[in-house]
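A quick write-up on the structure given underneath.
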Amino acid sequence: NGTAYETTILCDRAKKVVTDHASSSSSLVGEENAPLFLYHAFHAACVGWNATTNDANLQPPPAWYARFSSIDDPDRRANVATVAAMDACVGEIIAELKRAPLGDDTAATATTTSSTMWDRTLLLWSSDNGGAVHLGGGSNVWPLRGGYMNNWEGGIRAPALIAGGFVTHTLGFRAGSTLEGVIHECDWLATFAHFAGIDDVEDSRAVAAGLPPVDSLNLGPWLADVAAALTIDEDTSPASPRTEWPQTPLSEAFGDERTLGVGGDAAYVKLPYKLIVSERVAQSGWTGEVHPNTTVQWDSLNDFANCTWAPEAGFRGCLFDILADPSERDDLASRLPDVAEDLYDRLARADFFDFDRGQVDEQACLQANATGWWGPWLP
């Protein structure tokens, strides 16, 4: 269609933002070493719709796909290729940050002794969901249960990584440190704001409009405490303040036939427990260490568990201790009915906010089919 691979386009743009910032930071806010916030959302590992084959699949660059000829399963090979392409992009952005000098050094090339943007950078690599283990997805979340689109741990638990000079110089982490604890993706808002000197993230206009408060915990002090603890004992660190959150509303569990099974379950977490509610929760299984493979094809979206909520009939959803049993193999609902009831009550009271996204416009799909690519659509 006359363009390039999206990951490449966005990567080039991100690198340009870094170099432009380094050369003109003083003019941005009237002072040297102006701050920079860069959010880069990769789409490559998300399964896309192929209008030619009328199917959903991954679409890695051919050159990257060719590098992984040792992988037999085409979906797994495509997944690894797209992730490798993203990883290469992150490496290019980091290299740019390590080259970009700070302050008065902007006119000179950075050296090993000069300060660069990387020395003051806090880089977060994270995901908004677990891996796509369904047919065509090519991901593997072993040993967790399920995958993307449902509330099993395989669908909502993902590792994160922080790096940069800010992590080692300011927070005091040793490179390569492992942090055990829960951070909800919403918590990064208050945490980043804290690092920028802002401890109140409440939006007065949102409050005036009657919108719910911002559900974001400032975990900056906790990260600093963990870094300090790890310098003393690598096996001991303070627990994360994030211990409870609503995952998805009850309306997800009692939706119509289109939503049941695929994203059609509700969940609430109050550590160490998680309650899942739905009459049929898809992807109720586990991948193997090698998944997908050419021996067994797991149609995860047609593999269901019954997590019905009907206490009068003895059904109290599916309850798991996700700290002791992250693979969710031991359903505790019948043995801990009081815990299940408590989490269900919390789920029922949870204040979810879902803004009006408007109506689906068929013309957007028709345009995508005609052009071969998705883009912003305004009627």
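Values as computed for the structure displayed
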read-out	value
Convex hull of the chain built on C-alpha atoms - directionally averaged projected area, nm²	23.5 nm²
Stretch in the chain that is longest and holds no trypsin sites (Lys or Arg not before Pro) that DSSP places in a loop and that have at most 10 other beta carbons within 10 Å	1-257
Two-decimal Rg/Rh across the stretch 56-99, once Rg and the Kirkwood Rh are taken from alpha-carbon atoms	1.10
Whether the stretch 69-215 is rounded, prolate or oblate, judged on the alpha carbon gyration tensor where a/c under 1.5 counts as rounded	oblate
Across the chain: Cys residues that no other cysteine approaches within a C-beta distance under 4.7 Å	Cys46, Cys186, Cys365
Over the chain: helical MRE at 222 nm, DSSP H runs n ≥ 4 each giving -39500 (n - 2.57), nearest 500	-9000 deg cm²/dmol
For Trp152, residues with placed amide H under 5 Å, excluding near neighbours	Gly147
Under 13 Å, Cβ to Cβ, from Met86 - net charge with Lys/Arg +1 and Asp/Glu -1	-3
Cβ-placed point charges (K, R +1; D, E -1), dipole of the stretch 240-373 about Cα centre in debye, nearest 20	220 debye
Size of charge dipole - the chain - debye, nearest 20, with Cβ of Lys, Arg +1 and Asp, Glu -1, no other charges	860 debye
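Just so you know, all these numbers are worked out from the coordinates, no wet-lab data involved. Note that the structure is a prediction, hence the values are computed from the model and not measured. Cβ coordinates were reconstructed from backbone atoms using ideal geometry, including for glycine residues, and neighbour counts include every protein chain displayed.
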